Amino acid sequence: MKILKVIHGYPPYYSAGSEVYSQTLVHELANEHEVQLLSRYENSFLPDFHYRTLLDPSDARVLLHLINVPTAKYHYNFINEPVNALFKSILATFQPDLIHFGHLSHLSMELPNIAVQAGIPTIFTLHDFWLMCPRGRFIQRNATSLFPLCNGQADQKCATQCYKGYFTGDSTQLAADITYWATWVGVRMEQARKIIKGIDHFIAPSRFLQRKFIQDFHLPAHKVSYLDYGFDLSRFTERQRIPEALFVFGYIGTHTPEKGIDLLLRAFAKLSVRAQLNIWGASREETAALKAIVQQFPSAIQERIKWMGPYANEAITAAVFDRVDAIVVPSIWGENAPLVIHEAQQLRVPVLTADYGGMAEYVKDGINGLLFKHRNVTSLAAAMQRLATDPVLYGQLMQTGYLYSADGNIPSIQEHVNQLQPIYHAAINSKGKTVATKQGPWRITFDTNPDHCNFACIMCEGFSPYSKVKATRKAQGIRARVMPIETLRKVIQEAAGTALREIIPSTMGEPLLYKHFTEIIALCHEFGLKLNLTTNGSFPIKGAQQWAELLVPVLSDIKISWNGATKETHEAIMSGSKWEEVVTNLQTFLQVRDAYFQSTGKRCSVTLQLTFLESNLTELYALVKMAITMGIDRVKGHHLWAHFKEIKGLSMRRNHAAIDQWNKVVQQLYLLRDQLLLPNGTQIKLVNFTLLPKEGIKDLAVGGPCPFLGKEAWISPEGKFSPCCAPDALRETLGNFGNIHEVKLEDIWKSDAYTHLQKNYLKHPLCKGCNMRKPLVS
């Protein structure tokens with residue numbers, strides 16, 4: 001399944017609860033699914049809505065789409081057209097089976113509606129009241145008292161009690177100001193109601209939040225499920241409390257007013273027992289104000305309040321919980337299901353929190369913590385005093401962790417995803433769609449006959465005039481490898497229920513020389529698979545007309561090797577090819593393809609594929625122009641794998657001068673693409689014609705993703721699994737993953753060795769220098 005996660009922030013840029021949960025979730029989902037994520041970042045020194053991609057620094061399986069939305073400038077934009085446009089582009093290229101939304105603030109409230117219009121199943125995790133309340137907390141900020149709770153949303157009340165701070169201040173404009181902000185709130189709330197109506201299913205991590213949305217915002221009860229968060233339990237290693245003289249209370253979180261840190265500070269100052277308070281969290285504007293409160297206390301109290309700064313969530317045990325005896329969650333709003341309460345409970349650290357909202361749902365007074373009266377300094381101080389002075393009580397509270405499991409452990413992310421998957425599938429089924437029920441590749445390349453070819457292309461690993469592979473194998477008495485047709489049938493049959501929808505016969509050698517090729521075509525018809533073919537254009541044995549008639553009905557794409565725009569260049573690179581013959585063959589194939597389209601409405605794409613070389617660089621413009629004129633759908637190329645010293649000088653990555661030369665040609669080709677359209681009025685697709693960075697000598701796509709891992713598989717003639725298309729000798733350095741005659745492909749796909757490679761491939765020398773990785777976007 002392909003899943004797109006959408007969240008308003010993501011680690012390491014933002015590390016509050018919803019962001020940490022989202023990262024934990026996508027990492028676990030990536031064990032079974034292809035996952036990408038859309039989020040935002042803030043950089044005032046880049047253009048607004050600047051878009052870039054990168055791989056998750058802590059899990060290279062997850063591609064991040066990040067858009068620059070400076071909060072200070074767009075805080076009150078609940079619809080951002082550039083974000084909408086990017087979202088549509090991601091849907092078009094990634095084509096997710098499901099979208100899992102989280103918080104949408106600072107992104108665009110239109111995104112769920114766009115997904116609904118595209119017919120894509122949607123899930124929405126509720127992290128707070130943001131859909132019900134424009135500020136997300138049901139706390140008023142312009143009232144006479146400080147941050148009073150709000151008893152419900154109303155447009156006029158929102159304008160006067162929360163947005164009054166943005167009035168002009170001119171009393172003669174008061175009515176106009178109220179009307180403006182009430183209208184703004186009204187439009188925003190209407191957008192929220194569209195989301196409630198359009199989303200297929202909501203998830204509430206607390207029953208408190210679930211009830212709130214059903215009762216106060218009329219979310220249909222059947223559309224929302226309670227499901228607590230899941231956690232990476234490996235982060236909670238055995239706690240080793242560092243001995244200290246004083247009892248230590250801890251606060252963990254952001255330093256914003258609704259978190260109630262001022263309440264905690266004042267309660268701490270009331271304690272008669274000598275204790276210590278450690279406050280974790282990144283410093284921000286409000287931190288200085290909190291420190292100013294502390295400065296009002298006697299020095300004996302001040303010196304026992306420590307500002308610990310930020311921490312890495314993956315190291316939370318050693319960084320935080322080894323340094324506290326209890327934590328305090330003093331929030332003045334109705335927190336949903338604070339992660340920190342769960343984290344403390346996993347390590348059996350007692351929690352003090354308010355008797356309100358989701359906080360009281362996860363802490364039972366006297367069982368796994370203590371409750372105090374919400375927003376009450378005196379009540380909080382009494383609870384802190386009691387805990388710090390009663391070791392028997394403290395020992396009892398340490399015995400019980402999470403209330404809703406038999407062993408007191410919080411839900412693991414694995415348990416969470418297991419409960420989430422049926423919700424995903426129900427949403428997909430409600431749209432009349434189906435997805436794979438088993439793990440596996442969407443496309444498999446079978447090396448059917450890699451040792452048979454009628455050409456001797458100079459860059460070919462096995463057949464180049466410079467290659468010693470054939471001579472060595474002959475001297476060793478090794479026969480040409482041929483895959484039994486039974487191997488293809490076995491793998492295809494075992495792939496039932498997976499995402500497999502396309503197969504590729506050997507891309508080394510000439511696949512049409514495979515003696516069982518017509519049986520491959522029959523397998524495609526039998527199992528409803530598409531064929532993706534790479535051929536040298538000679539169409540041996542049957543000729544172009546007959547092969548085209550057999551192939552076109554099952555093809556998704558045919559890639560015809562084409563390495564020049566002139567007879568001299570093409571034949572020099574592809575020794576054995578006859579220019580006039582391959583041109584005629586191409587024309588014949590296009591005629592059959594187009595006639596089939598006219599009669600059936602079904603059409604495969606035709607691609608000219610080449611290796612980028614110094615010797616064909618100056619002909620790329622003419623080659624692409626020829627392709628456009630002929631109605632070719634794509635021109636696709638790859639940079640040279642320089643297997644032999646004789647051709648190293650042909651690489652366009654050999655030095656900075658070659659890279660500059662390459663980049664100039666690429667820019668010309670994209671101008672041509674924009675100016676000259678195909679006969680059907682569309683643009684030709686140029687694949688892998690990307691500008692190279694200066695680092696391209698060693699790494700053509702710095703930090704870029706592998707297009708194959710977790711998506712495609714290669715099977716050798718003997719049945720050996722390979723993770724990519726790198727030359728045999730090179731890809732063997734990635735590891736031995738198994739043989740499909742000894743273990744099922746599904747089990748290889750789920751193996752620890754393959755998962756480890758997916759997470760860590762960018763550390764591997766082969767992958768760093770690979771010609772196939774895709775560049776990141778910026």
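The values are calculated or read from the model by the stated rules, or taken from the named source; none is laboratory data. Note that this is a predicted model, so its numbers are computed, not measured. Please note: Cβ atoms are built from the backbone with ideal geometry, for glycine as well, and neighbour counts cover all protein chains shown. Surface accessibility is based on the protein's heavy atoms, side chains included, excluding ligands, DNA and RNA. Shrake-Rupley method; radii C 1.70, N 1.55, O 1.52, S 1.80 Å.
Tell me which residues, restricted to region 510-539, are open to solvent by 20 Å² or more (accessible area, probe 1.4 Å) and assigned to a loop (DSSP other than H, G, I, E, B). Hits for region 510-539 are LYS515, HIS516, GLY528. Contact map, region 24-42: first residue within 20 Å of LEU104 (Cβ to Cβ) and charged (D, E, K, R), second residue open to solvent by 10 Å² or more (accessible area, probe 1.4 Å) and assigned to a helix (DSSP H, G or I), Cβ cut-off under 7 Å, separation 6 or more or different chains; pairs are GLU42/THR71.
Taking the criterion of being of a type in the set (Phe, Trp, Tyr) and open to solvent by less than 20 Å² (accessible area, probe 1.4 Å), the residues of region 656-692 that qualify are TRP662, PHE689.
Applying the criterion of being in contact with a helix residue (DSSP H, G or I) (Cβ under 6 Å, 6 or more places away or on another chain) and part of a loop (DSSP other than H, G, I, E, B) to the residues of region 153-167, the residue that is farthest from VAL185 (Cα to Cα) is PHE167. Could you give me the residue pairs with C-beta distances under 8 Å whose first residue belongs to region 518-530 and is within 11 Å of VAL554 (Cα to Cα), whose second residue is among the acidic types (Asp, Glu) wherever it lies, and which are 6+ apart or on separate chains? As it stands, the answer is LEU529/GLU502; LYS530/GLU502, since those pairs meet every condition given.
Across region 207-242, the number of residues qualifying as outside any helix (DSSP H, G or I), surrounded by 13 or more Cβ atoms within 10 Å (Cβ to Cβ) and hydrophobic (A, V, I, L, M, F, W, C) comes to 6.
The criterion of at least 2 residues that are out of contact with any strand residue (DSSP E or B) (no Cβ under 8 Å at 6 or more places or on another chain), outside the structural domain of VAL35 (by the TED database) and β-branched (Val, Ile, Thr) is met, among helices (runs of 4 or more DSSP H) falling completely within region 379-498, by 469-475. Picking from residues in region 260-315 that are basic (Lys, Arg) and touching a residue at least 60 places away in the same chain (Cβ under 8 Å), the one that is least open to solvent (accessible area, probe 1.4 Å) is ARG266.
The C-beta contact set for region 371-384 (first residue within 19 Å of TRP333 (Cβ to Cβ), second residue part of a loop (DSSP other than H, G, I, E, B), distance under 6 angstrom, 6+ apart or interchain) comprises LEU371/ASP355; HIS374/ASP355; HIS374/TYR356; ARG375/ILE332; SER379/LYS373.
Scanning region 411-427 finds one or more residues that are under 30 Å from LEU263 (Cβ atoms) and at pLDDT 95 or above.
Here's the yes/no breakdown for (1) in contact with a Pro (Cβ under 6 Å, 6 or more places away or on another chain); (2) within 24 Å of LEU111 (Cα to Cα); (3) open to solvent by less than 10 Å² (accessible area, probe 1.4 Å); (4) not assigned by the TED database to the domain that holds GLY198:
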position	(1), (2), (3), (4)
PRO121	no, yes, yes, no
HIS127	no, yes, no, no
TRP130	no, yes, no, no
LYS157	no, no, no, no
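Taken as a whole, region 457-470 holds no residue that is at pLDDT 95 or above and open to solvent by 70 Å² or more (accessible area, probe 1.4 Å).
Tell me which residues, restricted to region 616-655, are among the small types (Gly, Ala, Ser) and buried (at least 18 other Cβ atoms within 10 Å of the Cβ). ALA627, GLY637, SER651 - these are the residues of region 616-655 that are among the small types (Gly, Ala, Ser) and buried (at least 18 other Cβ atoms within 10 Å of the Cβ). Residue pairs whose Cβ atoms lie under 7 Å apart, separated by 6 or more positions or on different chains, with the first residue in region 723-751 and over 17 Å from GLY440 (Cβ atoms) and the second in a helix (DSSP H, G or I), are ALA726/LEU766; LEU730/LEU766; THR733/LEU766; LEU734/LEU757; LEU734/LEU766; GLY735/ALA753; GLY735/LEU757. For region 601-609, indicate whether the set of residues that are in contact with a Pro (Cβ under 8 Å, 6 or more places away or on another chain), over 27 Å from GLN675 (Cα atoms) and among the charged types (D, E, K, R) is non-empty. Yes, the conditions are met somewhere in region 601-609. Looking only at residues in region 694-721 that are open to solvent by less than 60 Å² (accessible area, probe 1.4 Å) and without any contact (Cβ under 8 Å) to a residue 60 or more places away in the chain, the one that is farthest from ILE659 (Cα to Cα) is PHE721. Here LEU608 does not qualify as of a type in the set (A, V, I, L, M, F, W, C), open to solvent by 70 Å² or more (accessible area, probe 1.4 Å) and in contact with a helix residue (DSSP H, G or I) (Cβ under 9 Å, 6 or more places away or on another chain).
Got a number for residues in region 452-473 being among the basic types (Lys, Arg) and touching a helix residue (DSSP H, G or I) at 6+ places or on another chain (Cβ under 9 Å)? Counting residues in region 452-473 that are among the basic types (Lys, Arg) and touching a helix residue (DSSP H, G or I) at 6+ places or on another chain (Cβ under 9 Å) gives 0.
The residues of region 143-152 that are open to solvent by 50 Å² or more (accessible area, probe 1.4 Å) and assigned to a loop (DSSP other than H, G, I, E, B), listed by number, are THR144, SER145, LEU146, PHE147, ASN151.
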